[in-house]
Amino acid sequence: MKKTAAPATPATSSSAAPAPAPGRAPRVSRLSQLTVPSMAQSVASTAAKASFTQPAAPVFAPPPHVAVKKDVKLADNWKTKTAEQLTDAEVIAMPDSEYMNEKQMAFFRLKLQELKAGILENAGETTEHLREDTVVVPDPADRATIEEEHALELRTRDRERKLLKKIEQSIQRIDAGDYGYCDETGEPIGVGRLLARPTATLSLEAQQRRELKQKMFGD
């Protein structure tokens, strides 16, 4: 009997990739794991960024203006009194139609001159005080206390020196007829505000706007 030959197995090519070892997962390329956003996702992301706006800074409203109360009984006292005899209440009670008339101008000129005289008097007392304390104190603690008092007094005099310049400018405004009116708006500053701050050059509303702008923008 003839023996049948076993079928020949086909020869494998040497270039074929070897089979993965059992028990080990095939490696996946990192490039295939990267996901590229679609066109719709890119457009949506860009639109979301464009629509985002920074929250606006809060705007603080200035405090309400409190009107000065006038005593009707004193409304006509200015007609029979001089500027030296008028009181603050009588000046406040004057009619609005008489705002910054000659008598009011003279009244505030006296106010400014008295304020100026007080500042000059304080400056003279400070000079005498510093001259008297030139003696060297042996105790370091006492010497430090005296130096601190001198520094505080000199800072106070420096503020008064700046105020003295404003007083001089206010007196010049009275001479020019511009005293009592806002530099920015031209509106009356008001008798009540001028009594509290005779050197004021802005109305209360203009001053509040300026302070708010400085607070927000640091200008």
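Just so it is clear, none of the values below were taken in a lab; they were calculated from the coordinates. Note that the coordinates shown come from a computational prediction; the quantities given were computed from them, not determined experimentally. Methodologically, a virtual Cβ is constructed for each residue, glycine included, from the backbone with ideal geometry; neighbour enumeration extends over all protein chains shown.
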When each of Lys70/Lys215; Lys69/Lys213; Lys81/Lys111; Lys69/Lys165; Lys162/Lys215 is checked by Cα-Cα distance, pairs over 27 Å: Lys70/Lys215; Lys69/Lys213; Lys69/Lys165
Between Phe217 and Lys79, how many nm apart are label points set 7 Å from Cα along the C-beta direction? 4.9 nm
For the residues Ser97, Ser203, what sequence is obtained by ranking on other C-beta atoms within 10 Å, fewest first? Ser97, Ser203
